[in-house]
Amino acid sequence: MEKKEKESYFYLITIAYDGSDFVGWAKQPQQFTVQGYIEKILNKIFKINQFTQQKINILAASRTDKGVHALNQKFTFRLPFFLSCQKLKRILVKSLQEYILVKSVRQVKKKFHPIKSVSKKEYRYYMNTGKYNLFAKKYCWEYNLLLDTKKLNNILTIFQGKHDFFNFSFCRQKDQDKTVTIRTIEKIRCWKREELLIISINARGFLRYQIRAMIGESIKCYEGKQTIKKLQEKLNYPQKKSLKYQTLAPASGLYLYKITYGKVKNFLIEKNV
C-alpha cells in the first residue's frame, strides 16, 4: 500500500525591509540576514520541527545583497496545516514587525514558484543630487552633484535589450561554467523628482551586482572617466577579463521596487489580504 503524501498548504508573502539592517537576503552562518531572521521566527511560532523533524524554509523571488532595500519582496513557504490568509497575516505582522513590514499574504497552489513564475522585476536606484543629507545616506547614493537626465538616459539605453552581462556581474570562479549571464533589459530610464534622481530597470531577472555595476559604470562614463565606446565594448566582449566592471554604485541606493507574476490568478487559492 502506497504511503499517502501529507497535505501541505503554500503561501506567498509580500514584504518590505530596510536593507541596512541586514547583511543581505541569503542565510549565512553567524550573520543577521533577512532569510535567516524570517525562518527563525517562523520555526519558533509554528514549532513544526518538534512533530515532523522538518524546518520551515522560505524561497524568495529575488536575493538582495547587503544594504539593498526591498519595497515589494516576495517569498513562499509551506505549512502542514491550514491557516486563513487573514489569520496568518495577523501572526506574521506581529511576529516580524521589528524588522519586516508584512504587506500581503496569499494562499497559492503547489505549482507556483516565486522565481520561475516571475514575468518581470523592477528595481529602482535613487541618487541625491542636492546637498549632502546625513540622515539619508543609508537610503540613496549621496552623489551631491547635478546630473543631466537626457545625457544619462543616452548612456543607460546602451544596456537595453538582450546582452551577455558577464562583465557587469559577480560570479565565483567555481560557478562560472554553470551560470548563464545572458539577460534581457526590457526598459531602463531615469528621471528627476526635485533633487532626487531615479533610475528604473526592468527585466525578468538579474545577476549578482549587475544593476550596481551598470549604474556605476554609466556614471563613470557620464563623468568622462571612460568613453561610451569603452562601455559598449564591455557588453560586446563579455569574456575579456580586462573589461570587467571596475565601479559599483553603492548598495544604499538600490531598491527592489516591484515583482510581477504572469497569470497569477491561475496560482491563487485564497484572495490577497
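Taken together, the values in this text are just the output of simple stated rules run on the coordinates, not laboratory data. Quantities reported herein were computed from a predicted structural model and do not represent experimental measurements. Cβ atoms come from the backbone with ideal geometry, glycine included; neighbour counts cover every protein chain shown.
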Notebook entry, point to check: If you place +1 on the Cβ of every Lys and Arg and -1 on the Cβ of every Asp and Glu, how big does the dipole about the Cα centre of the stretch 119-257 come out, in debye to the nearest 20?
Noted result: 260
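Say the cut-off is 18 Å between C-alpha atoms; which of K187/K258; K121/K187; K40/K121; K47/K111; K66/K192 go over it?
Working: K187/K258 14 Å; K121/K187 11 Å; K40/K121 27 Å; K47/K111 25 Å; K66/K192 26 Å.
Beyond 18 Å between Cα atoms: K40/K121; K47/K111; K66/K192.
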Next item on the list: As a check on your grasp of the helix formula, calculate [θ] at 222 nm for the chain: sum -39500 (n - 2.57) over DSSP H runs of n ≥ 4, divide by the residue count, round to the nearest 500.
Entry: -6500 deg cm²/dmol
Check: Counting other C-beta atoms within 10 Å, which of Y132, Y99, Y126 has the fewest, and how do the rest follow?
Finding: Y132, Y99, Y126
